[in-house]
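Okay, structure first, notes after.
The values are calculated or read from the model by the stated rules, or taken from the named source; none is laboratory data. Keep in mind that this is a model prediction, so the values were computed, not measured. Here the Cβ positions follow ideal geometry from the backbone for every residue, glycine too, while neighbour counts run over all protein chains shown. The accessibility values were calculated without ligands, DNA or RNA, using every heavy atom of the protein model including side chains. Shrake-Rupley method; radii C 1.70, N 1.55, O 1.52, S 1.80 Å.
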Amino acid sequence: MHPLKTERGRTVLQTHGNALDLRQRRALILCDGKRSLAELGGMLGDDAAALIAQLQREGYVLAEDAAATSTAPAAPVAAAPVERRRSMVAARIYVLDILALQRNPTAAHLHKLLQAARAEADTVSALKLALSHLPAMTSDGYTQRVRARLQEVLPEAHLAAVLAPLPA
């Protein structure tokens, strides 16, 4: 099983509502259809299966395996490429959630900076700043996963500015 966010799941992540607690939001962020339930268990802990099952019951997550067994023919579904929409809002929400998960005063400060950024240039600067501090707060593997996810959702026009390594 490879859990995948439904449209309802993507919407709840973008609205900043109180529908989900922090742990549920984190699980939902990680449900990208690429990670297996076992991988999610390694990232979320022993109760990951129950957490994902709850999100599935509430309509935020769909098991990718279940999507393949729907009434639509399997061949066209498997052959159709999935085009992900790139969005500055999605990138911003993702990094805000990542920073909120860190129990660190620097992360809290960066969270406030990103949250306060209104202009696109300010948001790009805040994202770049957050990414530059992330290695000091988390493991290299986690940092690389965050960078990879941002590479998927960030508008292409801002990829180079945000993901470029900082000068030494």
For ARG149, which of the numbered conditions (1) open to solvent by 40 Å² or more (accessible area, probe 1.4 Å); (2) under 15 Å from ILE93 (Cβ atoms); (3) charged (D, E, K, R) fails to hold?
(1)
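Which of the residues belonging to the stretch 19-39 are of a type in the set (Asp, Glu), outside any helix (DSSP H, G or I) and open to solvent by 60 Å² or more (accessible area, probe 1.4 Å)? So that I can check it myself, show each step before the final result.
First pass over the stretch 19-39, keeping only residues of a type in the set (Asp, Glu): 21, 32, 39.
Filter once more, so that each one left must be outside any helix (DSSP H, G or I): 21, 32.
Hit for the stretch 19-39 is ASP21, nothing else.
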Based on what the data block shows, is LEU134 modelled with pLDDT under 90 and either surrounded by 17 or more Cβ atoms within 10 Å (Cβ to Cβ) or not in a helix (DSSP H, G or I) (or both)?
no
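Here's the yes/no breakdown for (1) modelled with pLDDT under 90; (2) crowded, with 18+ Cβ neighbours inside 10 Å; (3) over 15 Å from ARG149 (Cβ atoms):
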| residue | (1), (2), (3) |
| --- | --- |
| LYS5 | no, yes, no |
| VAL12 | yes, yes, yes |
| GLY41 | yes, no, yes |
| ASP46 | yes, no, yes |
Would you pick out the residues in the stretch 84-110 that are part of a loop (DSSP other than H, G, I, E, B) and either closer than 13 Å to ALA126 by Cα or not small (Gly, Ala, Ser) (or both)?
ARG84, ARG85, ARG86, GLN102, ARG103, ASN104
